[in-house]
1. If you count only protein heavy atoms with a 1.4 Å probe, what accessible area per residue comes out for the chain, rounded to a whole Å²?
2. Near His284, within a Cβ-to-Cβ distance under 10 Å, what is the net charge of the other residues, with Lys and Arg +1 and Asp and Glu -1?
3. Using the alpha carbon gyration tensor of the chain, what are the three equivalent-ellipsoid semi-axes (square root of 5 times each eigenvalue), largest first, in whole Å?
4. Given axes a ≥ b ≥ c from the Cα gyration tensor, I'd like to know whether segment 188-309 is rounded (a/c under 1.5), prolate (a/b larger than b/c) or oblate.
5. Given the options Gln119, Gln62, Gln165, which has the most mean-square fluctuation in a GNM of the chain, springs set between C-alpha atoms less than 10 angstrom apart?
6. Give, rounded to the nearest 20 debye, the magnitude of the charge dipole that the chain has about its Cα centre when Lys and Arg contribute +1 at Cβ and Asp and Glu contribute -1 at Cβ.
7. In units of 2.2 N^0.38 Å, what is the alpha-carbon radius of gyration of segment 259-350?
8. Return the calculated 222 nm mean residue ellipticity for the chain, to the nearest 500 deg cm²/dmol, obtained by summing -39500 (n - 2.57) across DSSP H runs with n ≥ 4 and dividing by the residue count.
Amino acid sequence: MQLPFALGWLVDIAGDVRGADDFLASLGAQLIADGLPLAAGALTLAAPHPIIARRTWLWRAQTGAVIEALGFEPLAPTGFGKSLPQDNVARSWLAQFGDGVVLDTIAAPDGPTLSWTAQKPLAESEAALLQQAARFAAAPLAVLASRSTLAALLEAYLGRRSAAQVLAGRLGRETGETIRAVLLYGDLRGFTALSESMAPEAVVEALDAWFDRIGGAVHAFGGEVLKFIGDGVLAIFPIGDRPPSAACDAALRAVDAARAGMAHLDQARARRGLPPLPFGVALHLGEMLWGNIGTADRLDFTAIGPAVNLVSRLEGLCKPLGRSVLISGAAAAEATTPLLSLGEHTLRGIAAPCAVFTLRET
């Protein structure tokens, strides 16, 4: 049976396409090869994410480029050919091209939404092919949506790096990968005692507020949160191909942002008659091993190695030294930010003394 290019592609190839951007661009190109005068297309998938409700990919036929937009409101229920009143990003973007008429070929509540606009009104045979392509696209789009859902869930609970490892099939106990990075470890001071005098709901609220400030700052400056450990957080700023100084400076900027955020939070808590949330943060430059450990059937992606031990022990010096931020000599040697030396200190469980630095207060 001789199928149009688009239908053949949907039957033979589309199920193996890994990304929504590639799916949309490839399907659009195949439809154009079949003679459809498409100007642009949009594909929207629901995203089970704590913040993001949906992800929309926008394709333009003239350039072949695909851009992504994030939506933070739930999709409105709709049927075939109806409008998506809450999906304004896709519809507004598509209306700029061609004849301005948006054609929803797949539009289902909480399901994939595939829409197009054409350079001119479609002939009856062209419209029929577009409808037929939508039917053929339903199955591969369901697979794509399932993959997207799984990726979003894993990233929310494991983080971007660990989620990628799990999705790649690393499901057994193994050595893992070595990462050279600036490590950040921070936790709240005296939180155990404070939590004993607080209601459980207040404890969770305080933890969430702290993690929002420190985790948000880490992500804003290109780092990644690896683990939440009680009231502590372990994050990294991978060096990769860039100079170590770039990772060190990014980590220091994240620390500054977190301190500002916590200062603002403490002011808000004071207005509510709540105690402040003092914290300590340590930075260290080194290598860590990131991989699966655990039992044969219950695993955890975790970070181990001397650098992880050192940064956690260094953070423990924050209270005795009366500082909220401490930087190891290894990280200080690469940072371009002026730092204040606090001399060498012995860290519990670490054989060699560690040169310790802190921020210059202004």
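1. Value returned for the chain: 49 Å² of accessible area per residue.
2. Numbers: positive: Arg313; negative: Glu315.
Around His284, the surrounding residues sum to 0.
3. On the way: eigenvalues 488, 101, 72 Å².
Ellipsoid semi-axes (Å, largest first): 49, 22, 19.
4. Cα axes put segment 188-309 in the oblate bin.
5. In the Gaussian network model the winner is Gln62.
6. 680
7. 1.39
8. -13000 deg cm²/dmol
The values are calculated or read from the model by the stated rules, or taken from the named source; none is laboratory data. Fair warning: this is a prediction, and the values are worked out from it, not measured in the lab. Neighbour counts are summed over all protein chains in view; Cβ atoms, including those assigned to glycine, are modelled from backbone coordinates with ideal geometry. All accessible areas refer to the heavy atoms of the entire protein, side chains included, with ligands and DNA or RNA removed. Shrake-Rupley method; radii C 1.70, N 1.55, O 1.52, S 1.80 Å.
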